[in-house]
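Enquirer: Structure in structure tokens, see below.
The values are calculated or read from the model by the stated rules, or taken from the named source; none is laboratory data. Everything quoted here is computed from the prediction, not taken from an experiment. Because the Cβ atoms are built from the backbone with ideal geometry, glycine has one as well, and the counts that use them run over all protein chains shown. For accessibility, only protein heavy atoms count, side chains too; no ligands or nucleic acids. Shrake-Rupley method; radii C 1.70, N 1.55, O 1.52, S 1.80 Å.
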Amino acid sequence: MAIETQVYIAASLDGFIAREDGSLDWLNVSDPEEGRQLMAEFEALLSEVDCLIMGRKTLETVVQFERWPYGDLPVFVLSTRLTAPPEIPGSRISVRNCRPGALLDELESEGFERAYIDGGVTIQRFLEDGMIDRMTIAVVPVLLGQGRPLFRKMDREIALRLVETTSYPSGIVKSTYVARVEA
Ligand SMILES: NC(=O)c1ccc[n+]([C@@H]2O[C@H](COP(=O)([O-])OP(=O)(O)OC[C@H]3O[C@@H](n4cnc5c(N)ncnc54)[C@H](OP(=O)(O)O)[C@@H]3O)[C@@H](O)[C@H]2O)c1
């Protein structure tokens with residue numbers, strides 16, 4: 001059985017996941033109850049996967065958080081430049097420089113079953129190679145105008161099937177799609 005891959009990401013209505021400088025201030029949810037609910041859903045997702053694959057630029061943001069959010073979940077950082085992972089107590093981070101399919105083959109051979117894929121460019125490369133099974137996108141009601149895009153131009157179409165949609169009082173609309181839909 002192939003390793004299952006899923007995306008869980010927040011984007012502005014115009015499709016950006018971060019400002020140009022990488023900042024995420026526009027993601028703050030003002031209602032504490034809604035913030036708790038979204039955090040609980042994120043933690044539930046983390047408990048369902050057995051590894052996380054992220055791009056080098058996402059790692060650079062996450063290391064600035066107050067605490068490492070992934071505990072001892074194995075994290076594979078894709079990069080052509082990074083030679084060694086940062087030393088964060090309790091974390092299990094390693095670096096890889098390869099195509100999405102090669103990494104998934106490696107992880108599958110090591111017994112991993114469910115991977116969470118994170119970072120815009122990283123998600124784009126997995127999508128282009130047909131390596132994403134499921135995507136949950138929380139659309140935040142803001143037009144940033146510019147920033148780091150979730151999607152980019154591709155040379156093929158990918159059909160998706162909507163699984164569910166939930167809307168929140170802040171106006172966030174979270175939708176889950178299954179990719180790799182058979183034609
Ligand atoms: N809104 C959200 O929910 C959310 C979620 C995650 C991240 N973010 C934000 O998004 C930004 C980062 O996203 P991003 O699109 O800029 O970049 P990214 O996908 O995090 O990282 C891109 C980098 O990953 C490396 N990479 C990706 N695929 C590779 C492969 N197959 N082989 C080798 N290296 C590979 C390359 O690193 P090298 O340049 O080192 O080769 C590439 O420059 C950050 O600001 C982060 O905070 C937002």
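Enquirer: Under 5 Å between amide hydrogens, which residues at least 5 positions from C98 or on another chain qualify, with H placed 1.01 Å from N in the peptide plane?
Expert: Residues meeting the amide H criterion: S79.
Enquirer: Could you tell me the distance between the Cα centroids of the range 1-44 and the range 78-123, to the nearest Å?
Expert: Cα centres, the range 1-44 to the range 78-123: 20 Å.
Enquirer: Give me the accessible area of I3, 1.4 Å probe, in Å² rounded to the nearest 10.
Expert: Ignoring ligands and nucleic acids, I3 comes out at about 10 Å².
Enquirer: Within 10 Å, count the other beta carbons around each residue, average over each peptide in 38-45, 96-103, and list them highest first.
Expert: Top of the packing list down: 96-103, 38-45.
Enquirer: Listed highest first by mean packing, meaning other Cβ atoms within 10 Å per residue, what order do 153-164, 77-88, 129-140 come in?
Expert: Descending mean neighbour count gives 129-140, 77-88, 153-164.
Enquirer: Give me the percent of DSSP beta bridges within the chain that run antiparallel, rounded to the nearest 5.
Expert: Here the antiparallel bridges make up roughly 35 percent for the chain.
Enquirer: A follow-up question, please. With a 1.4 Å probe and all protein chains left in place, how much of the accessible area of the chain comes from carbon and sulfur atoms, in whole percent?
Expert: Carbon and sulfur: 51 percent of the exposed surface of the chain.
Enquirer: For the range 1-153, report the accessible area per residue in Å² (1.4 Å probe, heavy atoms, rounded to an integer).
Expert: 54
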